[in-house]
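What follows is a short report on a single structure.
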Amino acid sequence: MPRIFINGHPVEAEKGQTVLQAALAHGFFIPYFCWHPALSVSGNCRICAVEVEGEDLDIACNMPVREGMRVLTDSEAVQAWRKRMMQFITLNHPVDCGICDKAGECTLQDYHYEYNGEPSVSREPKVHATKFFRLSARVLIDNERCILCSRCVRFTHEVSRSRALGIQNRADSSLVRASEDGRFEDDPYSDNVIDLCPVGALFSPSLLYRHRVWYLQATPSVCPGCARGCTVRIWHRRPDWALHALDGRQNEAIARVTPRENPAVNGPWICNKGRDLARIFERPRATQAMLKGEPVALGTAVDAARRLLEGARRPVALVSNWGSNEELEAFQRALGGRVRAFVKEDFSPAPGEPVEDDLLIRADKNPNTAAARALFGDAPPAFEDGTDLLLVWGEGLDFSRLPTRVPIICLNAYLQPENGHADVFLPVSVQTERAGHYTNFQGVVSAFEPCFAKRDSVAHAESLFAALASPPGPSP
Amino acid sequence: MSGGKLITGFAVTATSHTLGEYRARGGYQALERALLGMKPEEVTGEITASGLQGRGGAAFPVGRKWSVIRPDDGETHYLCANADEGEPGTFKDRWVLENAPHLLLEAMLIASYALGVRHSFVYIRGEFDLAYRRLAGAVEEAYGAGLFGKDIFGSGFSCDVFVVRGAGSYVCGEASALITSIEGKKGYPRNRPPRLTVRGLYQKPTVINNVETLANIPWIIAHGAQAYRTFGTTKSPGTRLVSVSGHVTRPGVYEVEHGYPVGRFIHEDCGGVLGGRALKAVIPGGISTKVLTASEIEPHRLGHFGDCEDRRVLPQSAGIPHLEPLVFEGESLQAAGSSLGSGGMIVIAEGTCMVRVLQVMLRFYHHESCGQCTPCREGMGWLHRIVDRIVSGRGRPEDVDRLYEISRANDGTTICGLGDAAGYATVGILDKFRCEFEYFIAHGRSRYDGCLECLGSS
Ligand SMILES: Cc1cc2nc3c(=O)[nH]c(=O)nc-3n(C[C@H](O)[C@H](O)[C@H](O)COP(=O)(O)O)c2cc1C
Ligand code: SF4
Ligand code: SF4
Ligand code: FES
């Protein structure tokens, strides 16, 4: 454990650490653009300089700690160095923060105010480069904003391993480009480069010009896209900045999804499916309770379901592996003793979807199979003779494969044709409308919180199960 | 004449580069001597004792570099000969490659033996054509004669050589970029640490030496370090290949013994300044070394700054005044604030516009900056654009100070030496010829336009 001194304070660094790592670990901030804890050291942005007493200045991200070294992170020489680097970095930068999606969470913006704060000293015309250049259908680049930190390039070489990005040309004509064989298009982790980019050079057409990040709120959540259960942040309009004049649906829409760093599950990354949770949660919703396809009040439907359950002698339930731990336990508590329950796979890999890899993506495309199987076993659904009631929770089930002439109670959140065929249909909430936990394939439990309010005509499955088990009477 | 000849001491003919003639001159005897009569450490010891310094630009002691490698530590080691020779004004390695390719190959075998290298590489500048063909031919000849491959001279030592052609990038001559290029990646220099002798090519300990540096080795092994030290000076032993170009009567490659006066070399050996004009300045060792004025080269004749009639501005970073004539020796040039660099000497005659000289140099650095690190990527273009603007007649009074600032902001802040060197070169010219810039800015034209005939200059 080498002991070093940072700004005069003794610090126990770890062997093999760099000065930057040791400083950050002990609460001394050193600015950095190109360094990233999960990528190799490229040491090319040159902003992280520190002074070691008695030596020349050098970059901290590539400086191994040495016993007894005395590091200054904010000496006059260091400040002068940083200011010069900031001048260089912004020399050909368009400084178009006013129309840049990254504004508000841009490292360059922050550092400019912190370490330079002055107008450009250059009178030369800026170097121009391509804007809105398509690296893939999902990622665009503004090469004028790019500060060539090479994080995105290293990500595709070291993490996603598509090796799809590189830098063409030299000097101030350098351009980040995707390889021409379309590997970036097929990189299932490509959108991580947007988060990695310390400036607004890389951006998603799905967010472009739609939101200013300071009007957004990030709700901790878990991606239900596969059994990895990556922890994410779901970004949506802050309630205190709710839109009144424009399209009100914007207030209940997912603006974007970003990773929530979690060493136990996904590290700092998620796959592109996790970015597209809106495509899952914002499908047309089922909001109307029904009896054999006829709209009824929610309470009426619940009563009908209750009666069916009470009268059934051999009911079978197909339990959703998209249910949260809480919902699954509520089901078990309320109905587990009376109903023969099987775990149903709500989703299987979609055509063209990456099935499995050695980074994050798992073949099981459901978030909570582990918890569901722990409660209800892993036998495939089987319908003995004499089955006289089916409770189907969740989606992804072809009703034609069910025994005929057996009444069906169906719980689903989305508008799907099967809903109308059920004897009783109960619309339920989705993950973004409630809190809960999922257990991933490794047994790690992660929590999610509600982003939006649930509609009154929709029930939380968790409270529904208790209501179904209680004797018929007033609705829940 | 400019002293003893250790590398060029034979008559160049149409066949003097062949294996037969090289052997007739005593070639590959040093290799035999090393392989059969010396231990690897003894070879390194001899090189260390000779005081041989690198000729690629930094004058790093070869023995010190080699001593980091433990030839018998069981690790894979690599040797790369740096034949990229990209420094403007420098073309002395080409002479070795074209006229004595076997000298390089013999040296690489000796060095490989000393360093425990099984596979060695030559990284040769892509633009070299004859040099490449001669080298490739020599490799064929050497393999044919059993000089490469397994069990050379029955010594049990085996070594192979690979010739890798560059693709025309200056920065790939920088040792770590060269390695990266050999690995098949874009030629970006690497940060140190780790040093290349610790983790170099394919992450293995690697020694990189300039072609001329290596070309000295067979002589040292054949004759011994003591004999080598009788050439040159105590601090800079041996000789040095100097490639001379510019406004000079007899441009070409010369072998000059260390200690030889620079002024005498230009005026006598090279036949003086072209067209009999006065000497204005000399870039001593490739454009990355600081320019020297005529009076710095021959202060004993011209007096210090004596020739600067209307150039009498005290330089901002003047070297230590010295009235000794400048000689080919690291220390002498260092005292004058410059260095021997890569031995690429550019002679500049009176009447040359130094603003345009700087413009040409900055165009080069701007074009060749790899673009990896911030100060060089942005600074080279910035410097270039400012000087371009001055030359187009739209200079501003603050430009000179800005050029200084940008140059200094590259000093010690970059990954490799390119950004630093461009800064030194710029500061060198500004220090000594600031008034030319001020004139150009004030009048919108060069002080030399229409004043002097520039015979033969291009
Ligand atoms: C930008 C740059 C370009 C260089 N180009 C060359 C070159 O073309 N040839 C060369 O021998 N050394 C070149 N060098 C120096 C090498 O990095 C290295 O120091 C040298 O090859 C080591 O050999 P030596 O110790 O035998 O001189 C260059 C250095 C820099 C910073
Ligand atoms: S696009 Fe962004 S992440 Fe990629 S090199 Fe440029 S600034 Fe860095
Ligand atoms: S100094 Fe210039 S050439 Fe060297 S690594 Fe930096 S950008 Fe590349
Ligand atoms: S963070 Fe150290 S050089 Fe970029």
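Each reported figure results from applying straightforward, stated rules to the coordinates on display, with no laboratory input. Since this is a predicted model, take the numbers as computed values, not measurements. Neighbour counts are summed over all protein chains in view; Cβ atoms, including those assigned to glycine, are modelled from backbone coordinates with ideal geometry.
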Can you list the equivalent-ellipsoid semi-axes of region A:290-469, largest first and in whole Å, using the square root of 5 times each Cα gyration tensor eigenvalue?
26, 19, 16
If you average 1/r across every pair of different Cα atoms in region A:203-311 and take the reciprocal, what Kirkwood value do you get, in Å?
16.7
Amide proton proximity set for B:G259, modelled H, under 5 Å, gap of 5+
B:F328, B:E329
Between B:S120 and residues 5 or more places away or on another chain, the pairs with built amide H atoms under 5 Å apart involve B:D160, B:V161, B:F162
What ranking do B:K186, B:K432 get, fewest neighbouring Cβ atoms within 10 angstrom at the top?
B:K186, B:K432
How many percent of Cα pairs in region A:83-233 exceed 22 Å?
45
Value at 222 nm in deg cm²/dmol, rounded to 500, when DSSP H runs of n ≥ 4 in chain B each add -39,500 (n - 2.57)
-11500 deg cm²/dmol
Counting as exposed only chymotrypsin sites (Phe, Trp or Tyr not before Pro) in DSSP loop states with no more than 13 other Cβ atoms inside 10 Å, the longest exposed-site-free span of chain A is A:210-476
Can you give the percent of C-alpha pairs in region A:344-394 whose distance is more than 19 Å?
43
Diffusion coefficient, µm² s⁻¹, Stokes-Einstein with Kirkwood Rh over alpha-carbon pairs of region B:19-228 at 10 °C and 1.306 mPa s
95
Can you list the GluC sites (Glu not before Pro) in region A:98-205 that are in a DSSP coil and have 11 or fewer other beta carbons within 10 angstrom?
A:E180
Residue by residue, what Karplus-based ³J(HN,Hα) values in Hz, rounded to whole numbers, does region B:208-217 have, using 6.51, -1.76 and 1.60 with θ = phi - 60° and x for Gly and Pro?
10, 10, 5, 4, 5, 3, 5, 4, 7, 5
How would B:M345, A:M63, A:M69 line up from fewest to most surrounding beta-carbon atoms within 10 angstrom?
A:M69, A:M63, B:M345
Please rank A:T90, B:T18, fewest neighbouring Cβ atoms within 10 Å first, as an exposure proxy.
B:T18, A:T90
Candidate cut points under trypsin sites (Lys or Arg not before Pro) in region B:374-426, DSSP loop plus at most 14 other Cβ atoms within 10 Å of their own Cβ, are B:R394
Mind listing the long-range amide H neighbours of A:A459? Cut-off is under 5 Å, sequence gap 5 or more, other chains count too, H placed in the peptide plane at 1.01 Å from N.
A:V428, A:S429
Leaving out same-chain residues fewer than 8 places away, which lysines sit with a Cα under 28 Å from that of B:K186?
A:K126, A:K131, B:K65, B:K92, B:K204
Compute and list, largest first, the equivalent-ellipsoid semi-axes of region B:11-138 from the alpha carbon gyration tensor, each √(5λ) rounded to a whole angstrom.
25, 18, 14
Length added when fully stretched, A:L243-A:D378, from 0.36 nm per residue minus Cα-Cα
44.0 nm
Treat each spin label as a single point 7 Å out from the Cα along the C-beta direction, and report the A:K292 to A:S120 distance in nm.
7.4
For the protein assembly as shown, report the convex hull volume of the alpha-carbon atoms normalised per residue, in Å³, without decimals.
207
Could you compute how fast chain A diffuses translationally, taking Rh as the Kirkwood radius over C-alpha pairs and applying Stokes-Einstein at 4 °C with viscosity 1.567 mPa s? Give it in µm² per second.
51
For chain A, what does -39500 (n - 2.57) per DSSP helix run (n ≥ 4), summed and divided by total residues, give at 222 nm, in deg cm²/dmol to the nearest 500?
-5500 deg cm²/dmol
Pairwise over distinct Cα atoms, reciprocal of the mean inverse distance: report the Kirkwood radius of chain B in Å, one decimal place.
22.8
